[in-house]
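Input: a single structure, listed below in structure tokens.
Since every read-out is calculated from the coordinates, none of them should be taken as a lab result. Computed from a prediction, not measured in an experiment: that's the story for all the values here. Please note: Cβ atoms are built from the backbone with ideal geometry, for glycine as well, and neighbour counts cover all protein chains shown.
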Amino acid sequence: MYHAIISGTGSALGAQKVTNEDLSHKLDTSDAWIQERTGIQSRYLAQEGQTTASLAYDAACKALEDAAVAATDVDLIVVATATPDMHFPSVATQVQGMLDIKKCTALDVSAACSGFLYALDTAFNKIQLGQAKKALVIGAEVLSRIVNWEDRATAVLFADGAGAVLLEATEETQGVIGVDIYSDGSFGDLLKTVGGPGSSGQQGLIEMQGREVFKQAVSKLAEVVDFSLEKYNFKAEDIDFLVPHQANKRIIDATAKKLKLDASKVVLTVSEHANTSAASVPLALDTANKEGKFKKGDLLLLEAFGAGFTWGSSLIRWQK
């Protein structure tokens, strides 16, 4: 059985930076109100010509460059997104076309904010079985196009971007230790899109019962973190960095507190990027990688929670 390492990371953002102050001129809100409840200070929104596929492609190119791998060597592309540009073709096959890869497997995964972990699990299993050697795993979203810009409770939260990792098969070094993903459809009404079929130009708008989502997120993430640590024979003190889904600083703080992790060990990008759903974990990974935070051998804990409800975690031994 093969192992899989992350050999490269990349990211892309919407072209327009929008601060809390900017939003306060359009919504009944303020910088202080937003920061107190979410920790968000700014976000990036896609502009004309930017699509989920184009952001995914930009992030993929940077991940390939970081890994010093040619696009033609990629044999698997898995894109996690809740905001595809169209029903079909998939974002993954669009990225494949942009990269001019003639022969590989390409597919989309839909699991909202947990999507990247679902995509990582898919690619990891394909590599373990010897069915792929080099996989682009991408989270990409253009959430601004399904946000109700008259609803301050959700409009301040979401943003656009993409993050990508290149996952490579190896027989010698274990990078991805494991991925654990879960779902519970009984909570579906607490966070959903309403009013459209989801097709391009007719997308439903995000509707969220924030208090209940917050409560479930804290509970489910605590549960999955405990399970994963026990499953792979680790303790909380073994974790070098927490790389969480960037939804809300209060949720991230609750997870870090449970693990007794110092703030310096938590990768936090929500203040600048806001919630980019499936893109947030790989965006945070790329940010930390670029900043040189990780060293070879560090143990990373990735975790996410999203609509569905879906949630999951992954333990990764950093090998770059």
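Hey, what D do you get for the chain in µm²/s if you plug the Kirkwood alpha-carbon radius into Stokes-Einstein at 37 °C and 0.692 mPa s? Don't skip to the end; give the middle numbers.
Working: Rh = 19.2 Å.
It comes out at roughly 171 µm²/s.
Please arrange 211, 37 by how many other C-beta atoms lie within 10 Å of their C-beta, fewest to most. Walk me through the numbers on the way to the answer.
On the way: 211 9, 37 17.
Neighbour counts put them in this order, fewest first: 211, 37.
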Open item on the list: Going by average Cβ density within 10 Å per residue, which order do the peptides 107-113, 156-162 take, highest to lowest?
Closed with: 156-162, 107-113
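How large is the dipole of segment 55-184 about the Cα centre if only Lys and Arg carry +1 and Asp and Glu carry -1, each at its Cβ, rounded to the nearest 20 debye?
Details: 8 positive and 18 negative charges, 52 e Å.
Taking the Cα centre of segment 55-184 as origin, the dipole is about 240 debye.
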TODO: Using the number of other C-beta atoms within 10 angstrom as an exposure proxy, rank 141, 168 with the fewest first.
DONE: 168, 141
